[in-house]
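Undergrad: The structure follows.
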Amino acid sequence: MLITAWHDYVVMLQTLSWSRISNMLRVVGSYFYSRLSRQATISGLPMSLAIEPTTSCNLRCPECPSGLRSFSRPTGMLDQSMYERLMDEVSETAFYLTFYFQGEPYLHPRFLDMVRYASQKKIYTATSTNAHYLSDEQARKTVESGLSRLIISLDGTSQESYAAYRIGGQLEKVIEGTKRVIEWKKKLGSMTPYLVFQFLVVRHNEHEIKEAKRLARKLGVDQIVFKTAQIYDYQLGSDLIPIQEKYSRYEQHPDGNWQIKNKWLNHCWKMWHSCVVTWDGKVVPCCFDKDAQHSMGTVLDQPLAQIWNSVPYQNFRASLLKSRSEIDMCKNCTEGSTVFA
């Protein structure tokens, strides 16, 4: 596991070029200048992007807009040509691309073609999946696509606990899909994708944490991480909040109400180094804006660079520096919500 971890770092370092390093320095410099001066200044372009292949999903997870079918925005599939234009634009400056926002990426019929397109531009590519569509063919194509990191949602080591949150899901499919990817990595002599089990800790599965670690070792995945669950209506508590404080992003106060542990500091690195592009081209500042209520523009109408440096985007960064607690999507922020095994 240590060797593959170092290999993952090497894969990421191989994405760096002088133009990307130069852009990174400009972004980092403008971020710290903005924090110190309390004035929103931006230099450079996004170092990383999250792109949404689709909002569709096969499962019905209770705290997920895709699962609940509760979006106020339309559902659909990312257009291949729009995606390729965007990749052509950002490839000189961006080095990390996440193929995920909402929905199940493997439901997009050309998802792995998109991964391959970014990989050919030496961009580090990552995605998150519920692993129900990792057939033998898809597992092979996943490895062949050059995908750098594959995050698989485990969320339980028994069917009962797994399906309590991943409603409609089958743990057996997750395990079999994982095995197929590992087997094709061996057959093709590939060290990628770096394989991560992500275990969303809730009350009904927290007793399986040790077993999840054992399962990860047995199967040969590269890493397992434990993620705290976002609860939308947490103020009065929830049956999903785990007993173990380490795995909860909320804490109960003496009056019985619950509050998020994280403090709302008036800065956010994400607003300076990354953004999210929805399946229909809207650019939003953060993955917590699940309904794209803070759309800064659309890449269908204008270049991403123009949107990134626009007055609305700068005004949003300025409002965050002034009072982050007043921004709706920041009120349930999960920064620092992952516990590494």
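Undergrad: Stretch Asn257-Ser135 to full length: gain in nm at 0.36 nm per residue minus the Cα-Cα span?
TA: Gain on extension, Asn257 to Ser135, equals 39.4 nm.
Undergrad: Taking H placed 1.01 Å from N in the peptide plane, check which residues at least 5 places from Gln244 or on another chain put their amide H under 5 Å from its amide H.
TA: HN-HN under 5 Å from Gln244: empty list.
Undergrad: Continuing with the same structure: Any idea how far apart Leu300 and Gln159 come out in nm if each label point goes 7 Å out from Cα toward Cβ?
TA: So the label points at Leu300 and Gln159 sit 4.3 nm apart.
Undergrad: Please give every one of the lysines within straight-line cross-link reach of Lys290, meaning a C-alpha to C-alpha distance under 18 Å, and leave out same-chain neighbours fewer than 8 residues apart.
TA: Lys270, Lys282, Lys331
Undergrad: Another question about this same structure. Please list, in chain and number order, the residues 5+ apart from Tyr250 or on another chain whose amide H is under 5 Å from its amide H, with Hs placed from the backbone.
TA: Amide H neighbours of Tyr250, under 5 Å, 5+ apart: Lys261.
Undergrad: Scale the Cα Rg of the stretch 1-53 by the rule-of-thumb value 2.2 N^0.38 Å and send over the ratio, two decimals.
TA: 1.50
Undergrad: Suppose all protein chains stay in the model; what accessible area per residue would a 1.4 Å probe give for the stretch 200-305, in Å²?
TA: Numbers: 5140 Å² over 106 residues.
Accessible area per residue, the stretch 200-305: 49 Å².
Undergrad: How big is the stretch 40-175 in terms of Cα radius of gyration and Dmax, in angstroms?
TA: 15.9, 50
Undergrad: While we're here: Could you give the semi-axes, largest first, of the ellipsoid that matches the chain, computed as the square roots of 5 times the alpha carbon gyration tensor eigenvalues and rounded to whole Å?
TA: Semi-axis lengths for the chain are 30, 27, 19 Å.
Undergrad: Further question on the same structure: Under 10 Å, Cα contacts only: if you run a Gaussian network model on the chain, which one of Ser161, Ser19, Ser319 comes out with the highest mean-square fluctuation?
TA: Ser19
Undergrad: Using amide H atoms built 1.01 Å from N in the peptide plane, name the residues 5+ places from Ile167, or on other chains, whose amide H lies under 5 Å from its own.
TA: Excluding prolines and chain starts, which carry no amide H, the hits are Arg60, Cys61.
Undergrad: Let me ask something additional. Given the convex hull of the Cα atoms of the stretch 250-320, what is a quarter of its surface area in nm²?
TA: 6.0
Undergrad: Hey, another quick one. Report ³J(HN,Hα) in whole Hz for each residue of the stretch 6-18, in order, from the Karplus equation J = 6.51 cos²θ - 1.76 cosθ + 1.60 where θ = phi - 60°; Gly and Pro get x.
TA: 3J(HN,Hα) across the stretch 6-18, in whole Hz: 5, 5, 4, 5, 5, 4, 5, 5, 5, 7, 6, 9, 4.
Undergrad: If you average the alpha carbon positions of the stretch 20-69 and of the stretch 88-145, how far apart do those two centres end up, in angstrom?
TA: Centre-to-centre (Cα) distance: 18 Å.
Undergrad: If you roll a 1.4 Å probe over the chain with all protein chains in place, what percent of the accessible area is carbon or sulfur? All intermediate terms of the calculation are to be shown ahead of the outcome.
TA: Details: 8460 of 15650 Å².
Of all accessible area on the chain, carbon and sulfur atoms account for 54 percent.
Undergrad: Using a simple spin-label model with points 7 Å from Cα along the Cα→Cβ vector, what separation in nm is obtained for Asp233 and Lys179?
TA: Distance between label points: 4.1 nm.
Undergrad: Also, I was wondering about something else. How much FRET efficiency would the formula 1/(1 + (r/R0)^6) give for Met329 and Arg60, where r is the Cβ-Cβ distance and R0 is 22 Å, rounded to 0.05?
TA: 0.45
Undergrad: Another question about this same structure. Which ³J(HN,Hα) values, rounded to whole Hz and listed in residue order, are derived for the stretch 189-200 from phi using the Karplus coefficients 6.51, -1.76 and 1.60 in 6.51 cos²θ - 1.76 cosθ + 1.60 with θ = phi - 60°, glycine and proline given as x?
TA: For the stretch 189-200, the Karplus-derived couplings read x, 10, 8, 10, x, 5, 9, 10, 8, 10, 10, 7 Hz, x marking Gly and Pro.
Undergrad: Then there's this: For a Förster distance of 30 Å, can you work out the FRET efficiency between the beta-carbons of Lys246 and Glu172, rounded to the nearest 0.05?
TA: For R0 = 30 Å, the calculated efficiency reads 0.55.
Undergrad: Given a 1.4 Å probe, how much area per residue of the stretch 78-186 is accessible, in Å²?
TA: With all protein chains present, the stretch 78-186 gives 38 Å² per residue.
Undergrad: Return the single residue from Trp184, Trp308, Trp258 with maximal mean-square fluctuation; model: Gaussian network over the chain, springs between Cα atoms under 10 Å.
TA: Trp258
The values are calculated or read from the model by the stated rules, or taken from the named source; none is laboratory data. Remember, it's a predicted structure, so these values are computed and weren't measured experimentally. Cβ coordinates were reconstructed from backbone atoms using ideal geometry, including for glycine residues, and neighbour counts include every protein chain displayed. In case anyone asks, the SASA skips ligands and DNA or RNA and just uses the protein heavy atoms, side chains included. Shrake-Rupley method; radii C 1.70, N 1.55, O 1.52, S 1.80 Å.
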